[in-house]
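The values are calculated or read from the model by the stated rules, or taken from the named source; none is laboratory data. Since we're looking at a predicted model, the values are computed, not measured. Cβ coordinates were reconstructed from backbone atoms using ideal geometry, including for glycine residues, and neighbour counts include every protein chain displayed. Accessible surface areas use protein heavy atoms only, side chains included; no ligands, DNA or RNA. Shrake-Rupley method; radii C 1.70, N 1.55, O 1.52, S 1.80 Å.
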Amino acid sequence: MKPLIVANWKCNPTTLQEAKRLFNSVKEEMRNLKNSEVVICPPFVYLSNIQYLKSNIKLGAQDCFWEGKGAFTGEISPLMLKNLGCEYVIVGHSERRKLGETDEMINKKIKAALSAKLKPILCIGETGEERKQGKTFKVLKNQLKNDLKYLISNIYYLKSLIIAYEPLWAIGTGNPCEPKEAKKVYLFLRKILAPYQACFGAGLKKIPILYGGSVNSENATSYIHEANFQGLLVGGASLKAEEFIKMVRIVSNY
Ligand code: PGA
């Protein structure tokens, strides 16, 4: 499987002009990209403008609602995203959970995204305090169990699912989780996910697991080649075209 590199622009940049400039600089360099898949997730408001500039970069959104349409002021439905050319959608990012998003809401969003034929990237991760108390595995197991409720062994749903392990204490801090530590979590998540993907059959497709949290061009390959993750979720470093391009190149040419 080609490594999947997902750029999460979060609430940046502040103008369409800058968004186009950033997208175009990355696009130029990705023309001959073969060994990895790059997804850019800009803020909703830039999606339709960026769609027309699409190249071999895939488009994703940073969130979605669980209903298709109706009286839900301010919400964006998975069908709307699909219609704009999105293939991916981040769901349950810790910055949204902090604003009050619950596992129940996340579960509904995942199901709605999958029904709309989007590929949801479900973010899970423990806080620094939970890690100190030795609760990392327990927290991750609970998040997966609740966020993926009713999805177990449903091949129709699970074939498009992606998981991102993002320890909260590593996000935006410049303090990434050491690849050795991240590998332990990766192996644990694989074990937890085994019953979910039992429907794929032995040796077939694996649900991809990405790592996210202070990824940069220096540490990117270690998560893929040492810790065995299938890709990366990149925040801060994806806003600097040069740094992001360097990272994609290093990962793709390894
Ligand atoms: P970061 O963010 O790369 O800036 O740590 C990652 C994320 O929140 O997805």
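Brief remarks follow.
- Filter pass, S222 being modelled with pLDDT of 95 or more and more than 12 Å from the ligand (Cβ to nearest atom): yes
- Scanning segment 1-25 for residues that are under 17 Å from A220 (Cα atoms) and touching a helix residue (DSSP H, G or I) at 6+ places or on another chain (Cβ under 7 Å) yields P3, I5, A7, N8.
- Candidate set: segment 152-165, residues that are more than 16 Å from the ligand (Cβ to nearest atom) and modelled with pLDDT of 90 or more; chosen: the one least open to solvent (accessible area, probe 1.4 Å): L161
- Among the residues of this structure, C86 counts as one that is in a loop (DSSP other than H, G, I, E, B), within 27 Å of S252 (Cα to Cα) and either more than 16 Å from the ligand (Cβ to nearest atom) or within 18 Å of the chain's Cα centre (by Cα) (or both).
- Within segment 87-115, the set of residues being small (G, A, S) and open to solvent by less than 10 Å² (accessible area, probe 1.4 Å) comprises G92, A113.
- Checking C64 against (1) over 14 Å from the mean Cα position of the chain (by Cα); (2) within 18 Å of P42 (Cβ to Cβ); (3) modelled with pLDDT of 95 or more, the condition it does not meet: (1)
- Test: residue in segment 117-124 that is farther than 20 Å from E75 by Cα, of a type in the set (K, R) and open to solvent by 70 Å² or more (accessible area, probe 1.4 Å): no
- Considering L187, L239, L168, L232, the condition of being touching a residue at least 60 places away in the same chain (Cβ under 8 Å), out of contact with any Ser or Thr (no Cβ under 7 Å at 6 or more places or on another chain) and open to solvent by 10 Å² or more (accessible area, probe 1.4 Å) is satisfied by L239 alone.
- S77 being of a type in the set (S, T, Y) and within 16 Å of the ligand (Cβ to nearest atom): no
- Only a single criterion out of (1) at pLDDT below 95; (2) out of contact with any helix residue (DSSP H, G or I) (no Cβ under 9 Å at 6 or more places or on another chain) is not satisfied by L53, namely (2).
- Scanning segment 125-138 for any residue that is modelled with pLDDT of 95 or more, open to solvent by less than 80 Å² (accessible area, probe 1.4 Å) and under 17 Å from the mean Cα position of the chain (by Cα) turns up at least one such residue.
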